[in-house]
Amino acid sequence: MVWLTAIVGSLSLLLAAPALSHAEESNPNNYSCLGGLAPGTPEPGSEEQQVNYTFYCDGPITGYQLQAQVPVTGISSPPIVSKNKLALTDSFSCSGEVPGYALNCVGSTKEGYEAITGQFAIGKNICKEPRVDTLLTVTYAYLEKGVITQAISGPYDLGRPKGCPPDAYSGSTRLEPKPLELGGKHHHKKKAKAKKKA
């Protein structure tokens, strides 16, 4: 019982901190979040492809989920929280089923525009199709008039990994898929020659 009271008390203090700036921030059910993916830093003892992710939102958050469309085979924890390239004491802890398709992270940022950078592993080359393209959903829990209020915002598409050579899928994302460009001008010329011979 003492243990449970201590946890609830700690949670209340944690939630109370962001609530001070809550009125000045964007609607936590409709944040604007931006980010991207890139090749990550190799992990000692692992030969798996590491994927680096970075994102920020225009308000504080207390959790996030990344949903991949290719199997996630490892999760690096904890991610780094920074603002203006300076590391902050704000932190998150991440977990998830491995192999699986999502990683879940809980923690807190005190205000908006704090960058969160982390890594996860996939079982194939990052530039091989289908390339990993994660969706981001963020959550925020805060005290309002003595009641814990929860908000959720997203999904946001972090897009295809940066640094890979362009291919037929370039410019397409999971939330905004584009038709494939197959053949182009060269493809049409071949068809025209074939008709002439016939």
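General remarks:
- Region 131-148, residues that are aliphatic (A, V, I, L, M) and at pLDDT 95 or above: 132, 135, 136, 138
- Summed over region 98-116, residues that are outside any strand (DSSP E or B) and either under 13 Å from the mean Cα position of the chain (by Cα) or surrounded by 15 or more Cβ atoms within 10 Å (Cβ to Cβ) (or both) total 6.
- Of all residues in region 120-150, those satisfying the criterion of being over 20 Å from the mean Cα position of the chain (by Cα) and aliphatic (A, V, I, L, M) are 143, 147, 148.
- In region 74-90, the residues that are out of contact with any Phe, Trp or Tyr (no Cβ under 8 Å at 6 or more places or on another chain) and under 18 Å from residue 59 (Cβ atoms): 82, 84, 88, 90
- Taken over region 122-155, the residue count meeting the criterion of being of a type outside the set (A, V, I, L, M, F, W, C), part of a strand (DSSP E or B) and over 20 Å from residue 177 (Cβ atoms) is 7.
- Matching option when the condition is under 16 Å from residue 134 (Cα atoms), surrounded by 18 or more Cβ atoms within 10 Å (Cβ to Cβ), at pLDDT 95 or above and of a type in the set (Ser, Thr, Tyr), among 31, 56: 56
- Residue pairs whose Cβ atoms lie under 7 Å apart, sitting 6 or more positions apart in sequence or on different chains, and linking a residue in region 125-136 that is touching a residue at least 12 places away in the same chain (Cβ under 8 Å) to a partner that is of a type in the set (S, T, N, Q) and in a loop (DSSP other than H, G, I, E, B), are 133/173.
- If you go through region 130-185 and pick out every residue that is within 27 Å of residue 116 (Cβ to Cβ) and of a type outside the set (Val, Ile, Thr), you end up with 32.
- Residue 88 within 15 Å of the chain's Cα centre (by Cα) and either among the hydrophobic types (A, V, I, L, M, F, W, C) or closer than 21 Å to residue 157 by Cα (or both): no
- Any hit, region 55-63, residues being of a type outside the set (Asp, Glu) and either within 19 Å of residue 162 (Cβ to Cβ) or without any contact (Cβ under 8 Å) to a residue 12 or more places away in the chain (or both): yes
- Counted residues, region 156-168 - those being in contact (Cβ under 8 Å) with a residue 40 or more places away in the chain, not basic (Lys, Arg) and not in a strand (DSSP E or B): 4
The values are calculated or read from the model by the stated rules, or taken from the named source; none is laboratory data. As the structure is a computational prediction, the values presented were derived from the model and not from experiment. With ideal geometry, Cβ positions are generated from the backbone for all residues, glycine too; neighbour counts draw on all protein chains shown.
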